[in-house]
Amino acid sequence: KRVNDAAAGLLPALCRCLALGAPSPAAPLPIAVRIACSAANCISVLSEDNPPISSMLAGHPEALLAIQRAVMEEGYSSMVAVLSVGILINIGQHAQPPEFAQAMRRIFGRVLSCDHQETMIKAIIDLKPPENGEGGQQTMEEESGGHAQEKQGKRPSIKPITHGVFHEQFLHTEGIASTFHNKYSAWRDEVAETQLALEIISNLMVPDDKEDEEEEEGWQSADEEEEGSEMLEEANVQEHSLPSAKLPIGQTEFASWLVRENLLDLVVLRTKGLSANLKEALATCYYDDVRYIPLALIDMQISAIECMSNWILSCPPGSQIALQQVRDEIILPNVLSVLQSSEQGKVEMEECLSATLFVLLEKALELEIRTILVLPSELQEALAVWAEQGATDEIRINAMNALALLGKSFRDLESNTSIGKILVKSAQSARSILVVAEAVNAMFDVYAEDDLNELVLRPLRIIECLQEMQAMFVAAMKQWLADNKAKIRQDPQMRNAADRLKEVKQNLPRFIKYKKDLGL
């Protein structure tokens with residue numbers, strides 16, 4: 001309540017600060033842009049999941065005008081624009097799709113031309129080692145003369161570097177359309193803005209999970225509920241009259257709208273990996289700043305793939321061609337690249353790709369698109385590698401869930417024998433009880449029917465394997481629940497994991513008994 005009371009008095013001032021970033025005949029001063037960006041960030045944080053503040057903003061004409069101008073008018077900093085889109089989404093009823101589309105296009109930047117990648121590679125290759133004889137590494141700003149001016153007591157120059165290293169078109173490539181003005185930090189900010197845009201789009205396609213919300217509310221204490229009620233009353237806001245904090249269209253409608261507005265194509269551009277030539281150019285460049293470029297691009301690439309994963313969850317019927325393209329033009333090339341890579345970001349990329357592939361298979365099964373379920377051999381091999389040797393529990397679990405979907409869809413001997421071997425090996429050798437539980441649960445899913453009892457279950461001794469590990473599984477499960485008691489209460493993901501362990505524990509003896517009664 002104290003925060004909201006203070007915020008109510010600050011909102012008019014914050015909105016005036018936001019207006020400092022408005023376009024003018026001369027470009028806004030850098031300090032004005034920074035103030036506007038800070039103000040937008042502050043308003044965004046205050047209004048997120050905060051109905052009283054959202055309601056105040058919705059009823060404040062000056063605030064709404066400042067926020068909508070930041071979204072709609074050319075000339076504002078793109079970071080201010082994207083934060084303002086987030087504010088509109090928090091307000092809810094004012095976040096209309098036309099405003100959103102225009103803001104997203106501005107943030108994603110200009111249309112890429114085919115020669116930008118070669119421009120970037122040439123710029124990196126042309127970087128020369130310092131000629132000061134010391135062998136040390138300079139920053140780009142020092143090389144442009146900023147350091148020398150600072151020594152003389154003058155204000156460092158902010159003009160663009162003129163020696164051709166980082167000209168205006170530098171880094172307009174690899175899924176990024178940005179103007180590189182004078183140093184790496186400016187380009188890094190462009191990447192951050194694009195990532196924020198991707199996250200906003202992605203979050204708007206996350207399906208509502210009412211059961212999880214109800215469960216989380218169940219953990220709320222009576223004192224917290226009473227405190228929340230008092231806050232609403234003292235803010236003179238009636239709960240039933242507050243605007244929705246969500247975009248006023250459904251997830252499927254929003255996913256379709258992204259396609260119609262060609263915004264999804266901009267997301268797809270950011271799912272592309274670095275080319276071999278660009279990697280080579282970056283590897284041989286001596287500038288420290290340049291060496292961080294691949295990490296920034298990989299982070300943004302992961303955000304884009306996660307955005308596509310949420311689009312898959314929300315995509316409308318009739319999306320067969322688009323889903324096929326996601327598999328063959330986004331998932332497959334990135335999987336081939338990451339399996340051959342040992343670079344930083346490999347684990348995060350594998351977690352992202354394994355989750356996206358599982359989501360795609362689940363959607364294909366739901367829509368009965370069997371052509372997508374018939375995976376290329378490279379993706380089948382990737383799932384096998386991830387299930388047996390994944391670097392994290394998440395990778396292994398995603399892969400086993402995907403294999404279970406394939407096993408349920410295709411009942412041929414060869415496929416199910418291969419899947420069965422992987423699941424048995426994982427159940428017997430995994431150190432994580434969560435991975436063991438998913439392997440066992442996958443066996444339940446794949447072999448619940450009796451058509452493969454003699455062809456797969458008996459030759460692989462699956463029932464004997466489950467019997468042998470049953471006591472050990474129960475003991476390990478109890479230990480895990482005891483060790484993570486506090487986390488289970490606080491973290492919804494940990495609660496889900498605990499529920500899955502209990503579910504597997506209950507089903508394990510039933511599955512064994514059922515199959516043994518059939519003679520296995």
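Considering GLN344, GLN320, the condition of being within 18 Å of the chain's Cα centre (by Cα) and either over 23 Å from ASP412 (Cβ atoms) or of a type outside the set (Gly, Ala, Ser) (or both) is satisfied by GLN344 alone.
For the range 70-86: of the residues being in contact with a helix residue (DSSP H, G or I) (Cβ under 8 Å, 6 or more places away or on another chain) and not in a helix (DSSP H, G or I), which is modelled with the highest pLDDT? Once the filter is applied, the top-ranked residue is TYR76.
In the same structural domain as ILE87 (by TED's automatic domain parsing), in contact (Cβ under 8 Å) with a residue 12 or more places away in the chain, surrounded by fewer than 18 Cβ atoms within 10 Å (Cβ to Cβ) and not in a helix (DSSP H, G or I): does that describe PRO12? No: the conditions fail for PRO12. Scanning the range 510-520 for residues that are in a helix (DSSP H, G or I) and in contact with a helix residue (DSSP H, G or I) (Cβ under 7 Å, 6 or more places away or on another chain) returns PHE511, ILE512, LYS515, LYS516. Among the residues in the range 441-451, are any assigned to a loop (DSSP other than H, G, I, E, B), over 25 Å from LEU501 (Cβ atoms) and more than 28 Å from the chain's Cα centre (by Cα)? Yes: one or more hits.
Report yes if ALA497 is out of contact with any Ser or Thr (no Cβ under 8 Å at 6 or more places or on another chain), surrounded by fewer than 11 Cβ atoms within 10 Å (Cβ to Cβ) and among the aliphatic types (A, V, I, L, M), otherwise no.
no
Tell me, yes or no, whether the range 386-401 has at least one residue that is surrounded by fewer than 15 Cβ atoms within 10 Å (Cβ to Cβ) and either part of a helix (DSSP H, G or I) or at pLDDT 95 or above (or both). Yes, the range 386-401 contains at least one residue that is surrounded by fewer than 15 Cβ atoms within 10 Å (Cβ to Cβ) and either part of a helix (DSSP H, G or I) or at pLDDT 95 or above (or both). Tell me yes or no: at least one residue of the range 402-425 is out of contact with any helix residue (DSSP H, G or I) (no Cβ under 7 Å at 6 or more places or on another chain), assigned to a helix (DSSP H, G or I) and more than 26 Å from GLN324 (Cβ to Cβ). No, the conditions are met nowhere in the range 402-425. Residues in the range 87-107: is at least one at pLDDT 70 or above and closer than 25 Å to ILE31 by Cα? Checked the range 87-107: at least one residue is at pLDDT 70 or above and closer than 25 Å to ILE31 by Cα.
For the range 311-345, a residue qualifies if it is within 18 Å of LYS279 (Cα to Cα), in contact (Cβ under 8 Å) with a residue 12 or more places away in the chain and of a type outside the set (Gly, Ala, Ser), and the qualifying residues are PRO333, ASN334, VAL335, LEU336, VAL338, LEU339, GLU343, GLN344. Among the residues making up the range 45-76, those that are crowded, with 20+ Cβ neighbours inside 10 Å, within 19 Å of LEU20 (Cα to Cα) and either out of contact with any Cys (no Cβ under 8 Å at 6 or more places or on another chain) or not assigned by TED's automatic domain parsing to the domain that holds ASN4 (or both) are LEU57, ALA70, VAL71, TYR76.
The values are calculated or read from the model by the stated rules, or taken from the named source; none is laboratory data. What you are looking at is a predicted structure, and each value in this text was computed from that prediction instead of being measured. Note that each Cβ is placed from the backbone with ideal geometry, even for glycine, and that neighbours are counted across all protein chains shown.
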